[in-house]
Amino acid sequence: MPAERKPMRYAHPDGYTGVCFDENGRFIVTGGSDGDIRIWENLDDDDPKSINVGEKIHALALRNGMLVTAVSNNTVQVHSFPEGTPDGILTRFTAEANHVVFNSTATSVAAGSSDFMVKIIDTKDNSQQKTIRGHEGPVLSVAFDPKDLFLASSSCDGSVCVWKIADQTLVVSWPLLTKFNEVSRATSICRLEWQPRIGKFLAVPVEKVVKLFERDTWENTDNLSDDSIVTSLNVASWSPCGGYVAAGSIDGLMVVWNVQTRKCVGRFRHEKAFRICAMAWHPSEGNIVYTDAEGNLGLLEGVLANAGSKELPSHSAANTFDDLFDEEDGDLLTKGINLSPPSPVVDDDDGEDDNVMGIVNRSRHNRAIEDDNSHDIGSPVHLDKLDNEDDDDDNDQTDNVRAAPVFAAYSGPVPTPQQKPFQPCSTPSHLLHRFMVWNSTGIIRCYSDEQDNAIDVEFHDTSVHHAIHLSNVLNHTMADLSQEAVLLACTKTDELPSTLQCIHFNSRDTNKEWMVDMPNNESIEAICLGQGWAAVSTNAQVVRIFSIGGIQKELFSLMGPVVSMSGHGEQLLISYHRGTGFDGDQCLGVQLMELGKRKRQTLQGVPLPLNKKSYLMWQGFSAEGTPAFADSAGIVQMLNRSVGNTWIPIANTRDHCKGKSDYYWVVGIHENPQQLRCIPCKGSRFPPTLPRPTVTILPLKLPYCQTSSEKGQMEEQYWRSVLFHNHFDYLAENSYEFDETAKHQALKEQQELLMKMFALSCKVEREFRCEELSEFMTQNVLNLAIKYASRSKRLTLAQHLSNIAQEKATALLAMQDEDDDFQAEPKAGYGRSVAEWNSPHVQLPAQNCVKKKECSEEGVQNCAEEDGDNDMDPEEAPYARRRLNPFNKDPVSTEKIIPKSVTLTNGMLARPNPFKVTSGGISPALAGGQARNTNILDSMTKTGKKSSNNNSQSASNEKSLVLKPLVTKPKAKQTQATLFQSTIPKSSSKTVGEKAIEARPTQSLIPDSKNTDNNKPKTGFQLWLEESREAIVAENSDLTEEEIIKEGMNRFRILSSEERKAWTERAKSSGSINSIPNAEDVQKRKRVEELCENGTENQKENSEEPESLAKKQKQEHVSTTCKLAAFAFKKD
């Protein structure tokens, strides 16, 4: 059969992975960076035996039932094979050992270390050691001479040396390699090897060739090369017969040569072009097992059988059938090639396989190998003898040569082994000392050794709870920690079920601990804690929710095997396998739920965007409650709620690693301040428990283009600020506390960046870009942009910006009109009183417009303050306290909103009077809105000279109310006037008519409630609610009248602006029919008009009175921006 490359399979995590056969070729033994030795019966073994020997394995060797490993604690230790019981430590180094090897009789072991030394240890008495010193760099590999006279070694100092074992003296040294400071940076590990049995040649992989050095003369007699090799060779390995050499390169190419003919007999390409770490020949069958740097295991079958057809030429395979038989069978036999059976050559480079098979007596050649106990299939004596005895048979059978089909190996996409479940912020469970969890609350360590099997819980803030020491009787492997409880879990065993244990240290009960056993067919795979709940996921793909006190609550099924779970507050994040990944990619999905009073699912079955050929390393939440995850490629991504719940990369930890083998272990993320908290790990993906690791803070950066330029830097800073302050909107929507000052500071920072980008665009004459930037600006900053464009003599740009400002203001006024109709007083039966609509949380139009504009500039769909007010139950007080934010850094904070005492007067019970204005020309609410709006960029604006005078005048006349008829103006003119000139009426002193109006009781201006209910037209919302009332009640039958109105408000707000306008028009048209004025109303209007006319006449008569009675009206203060804008567009 032809040589076949079997599909590779996962064996260990990425990193160096060693491999070898046992002496009989029955088992394949591998060791990797996870510290495990795995024993495989064959490549298809789905349940290999695993033996943990340390935290990381750098090399392994097997002979005579002794398994020798070089592990990360700088020791070389022995285990029995295949039992795996420890058999002591052979030797220690001051640095990690990089390679170990047995001699031919298994009486000695040689080990090379990064401390520049080579040690030869007697396996029976490890006190008998020989130390070889002479290398000036870390030792890469060592090799015993089969006759135990010499030892060869390669080093990072660039030399390959041969030492005499007896006196540890240098025999010869060749400067062949590139020099490096450490093993992890070396291009090749240069796995050299002596020819078995006779030791005539030493094979050394150097660059793109395998150099053969002859024994005794130490001359480079020949080089084995091939044109298909384009990168450096990493490892070389002799066949047991000594007739072939196989070599693997750093790009995944494997080549086999016939040493006698110096020709290539096979080329094989790694399916993913990964670096070949180790290669080993089967003792008798001519197969080669190999591993790569990603921890995968592969097998090449029939390599020597494939070599029987013909040695491959350097460039291409045979093109015709006659070329395959240009040599006689007897010539092939004398060259020592096993024909069992002859088959076409597998040449991955050419891709041309000739489907030809010769009929040869296979049992005859098998007998030749069995009779020769030395496994030397190249022995000319036996083969010639057989050839003479059966010469006639060969002549008869060569006439029967015929073509036969050959089935090519599958070369399509290869399924990726599914990632196993893990706990975030935990180290592998096979370690004796490990972290079970490390989060913002504390650390849980597990110690499992001969002396003690315990769990230690340590809190970062000792005021939360004191440290806890637990006995790990049930052998817990999973843990989570919060400020309420400690959650532990163990897997199912043959004797015990899978158990969940919770220690609720915030409980008032005497017994603070509870335990739950899972059903017999379920085993816990992932756990997490939230605020008042705990979640468990089992291998039955079922998620079980428990209360923090131990009550079983909801349960639901997952759509695939769980990978990890995380909890934060009311949020639950679950990652699971959506399907089978291919070519090294994991196919994961994510599910995000909220387990509060209103249970809802934010994300369901959304693919998790892992980097190519990577797997999930960490998942969790930021300190502010935003989901995030990190993959094995070092990419950290966060959920962007403002852009349809998409994922955005926020950091790349690999950019901060100094070495290729260095990694960062993520423990948490903070959005304010913007920090990624990690633990640096040198040469490993996870930290050791001792010495205690130090947390490092890495900056966050979005992968925007051209960040080296000023424009790219400001764009990245702006959008990063927008992204990391979206959590304010989430907290506001859910009625949590948050820092208002921090939110306003973030808005100020964003507007400053916009203004800088605007100035930069003006400088480079990009006026259209300036208009695009103005879309993100608030009204105040847009006025500053108009001012800047005017001073820069860009009048066209300033005109366009003013048009944009007018459009924004018009849109805001239209929205305010819709809100006024929406918040109008409902008719009888809708259960909301006039006092509730007139409560202080209903803002004046200008103030509400400003707040809505600020919220929309941050990309938020609904203003947080508006949602917070409208979602409040009608029975609650107007200023209800927001619920406590459990994720706030300072729980006892001064940021809490204290309810103000509000006294309801008769005036407040009436509808708002649209004719009331302050004597200063501006209402207090509007003044407050402008003051709040102008503090965005205080450092960039100038204070008007007359502001203090106007403010004092407004304060003195705050209580002087003037009743004037409403003057209707078109909205467009009003908007234009607000930008370029003052439209607020001038203040004036009280007249006799005004005093008379004030002297009248307020009730005289309030219409009768009955008449109001009967004569007032319905609003658009009331009409919509009447039609939608049945649908709301059908969906929620248990709602009260107030809750129905509240639900209707939420649904009406979701409607589009066109639909709401349509309902408003319907309400106006229906109301105009029924709005017939009463006689009493007509009389009241006449009295008001007469009083106003009298007041006007009195004003004219008293215009020349002393200054104390009639002061000259002062023109209202006009802002500097408005003056400059008006000046810039003055046509005269």
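The values are calculated or read from the model by the stated rules, or taken from the named source; none is laboratory data. Bear in mind the structure is a predicted one, so any value in this text is a computation, not a measurement. Ideal geometry is used to build each Cβ from the backbone, glycine not excepted, and the neighbour counts take in all protein chains shown. Surface accessibility is based on the protein's heavy atoms, side chains included, excluding ligands, DNA and RNA. Shrake-Rupley method; radii C 1.70, N 1.55, O 1.52, S 1.80 Å.
Overview of results
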| item | result |
| --- | --- |
| Any hit, the stretch 551-564, residues being of a type in the set (Gly, Ala, Ser), part of a loop (DSSP other than H, G, I, E, B) and open to solvent by less than 10 Å² (accessible area, probe 1.4 Å) | yes |
| Cross-chain or 6+ apart pairs with Cβ under 8 Å, the stretch 776-792 first and in a helix (DSSP H, G or I), then among the aromatic types (Phe, Trp, Tyr) and surrounded by 20 or more Cβ atoms within 10 Å (Cβ to Cβ) | ALA785/PHE758; TYR788/PHE758 |
| Residue ranges of strands (runs of 3 or more DSSP E) in the stretch 33-80 with at least 2 members open to solvent by 50 Å² or more (accessible area, probe 1.4 Å) and of a type outside the set (A, V, I, L, M, F, W, C) | 49-52 |
| Single residue of PRO703, PRO693 found to be surrounded by 19 or more Cβ atoms within 10 Å (Cβ to Cβ) and in contact with a strand residue (DSSP E or B) (Cβ under 6 Å, 6 or more places away or on another chain) | PRO693 |
| Subset of the stretch 174-199 [farther than 25 Å from ARG275 by Cβ and surrounded by fewer than 17 Cβ atoms within 10 Å (Cβ to Cβ)] | ARG197, ILE198 |
| Test for ASP222: is it more than 23 Å from ALA305 (Cα to Cα), touching a residue at least 40 places away in the same chain (Cβ under 8 Å) and in contact with a Phe, Trp or Tyr (Cβ under 9 Å, 6 or more places away or on another chain) | yes |
| Any chance SER379 is at pLDDT below 95, open to solvent by 60 Å² or more (accessible area, probe 1.4 Å) and small (Gly, Ala, Ser) | no |
| Residue list for the stretch 486-534, filter: more than 24 Å from SER566 (Cβ to Cβ) and either aliphatic (A, V, I, L, M) or touching a residue at least 60 places away in the same chain (Cβ under 8 Å) (or both) | LEU496 |
| Any hit, the stretch 643-659, residues being open to solvent by 10 Å² or more (accessible area, probe 1.4 Å), under 8 Å from the mean Cα position of the chain (by Cα) and closer than 15 Å to PRO424 by Cβ | no |
| Sole residue being over 30 Å from LYS682 (Cβ atoms), of a type outside the set (Asp, Glu) and touching a His at 6+ places or on another chain (Cβ under 7 Å), chosen from PRO240, PRO196 | PRO240 |
| Selected residue [touching a Ser or Thr at 6+ places or on another chain (Cβ under 7 Å), within 18 Å of LEU723 (Cα to Cα) and either open to solvent by less than 30 Å² (accessible area, probe 1.4 Å) or modelled with pLDDT under 95 (or both)] from PHE621, PHE582 | PHE621 |
| Residues satisfying the stated conditions in the stretch 640-681, i.e. in contact (Cβ under 8 Å) with a residue 40 or more places away in the chain, touching a Gly at 6+ places or on another chain (Cβ under 6 Å) and in a strand (DSSP E or B) | ASN652 |
| Where a residue in the stretch 579-605 is part of a strand (DSSP E or B) and its partner, wherever it lies, is aromatic (Phe, Trp, Tyr), with Cβ under 6 Å and at least six apart | GLY589/TYR576 |
| Complete set of residues in the stretch 418-469 that are out of contact with any Asp or Glu (no Cβ under 9 Å at 6 or more places or on another chain), closer than 21 Å to SER566 by Cβ and assigned to a strand (DSSP E or B) | ARG434, PHE435, TRP438, ILE455, VAL457, GLU458, PHE459 |
| Meets criteria (open to solvent by 20 Å² or more (accessible area, probe 1.4 Å) and outside any loop (DSSP other than H, G, I, E, B)) for LEU202 | no |
| Any hit, the stretch 294-307, residues being outside any loop (DSSP other than H, G, I, E, B), touching a Gly at 6+ places or on another chain (Cβ under 6 Å) and closer than 19 Å to VAL29 by Cα | no |
| Every residue from the stretch 205-217 that is more than 17 Å from LYS147 (Cα to Cα) and open to solvent by 30 Å² or more (accessible area, probe 1.4 Å) | GLU207, LYS208, VAL209, LYS211 |
| Residues satisfying the stated conditions in the stretch 177-225, i.e. closer than 14 Å to CYS161 by Cα and among the small types (Gly, Ala, Ser) | ALA203 |
| Residue that is least open to solvent (accessible area, probe 1.4 Å) [pool: residues in the stretch 492-526 that are of a type in the set (S, T, N, Q) and modelled with pLDDT under 95] | SER507 |
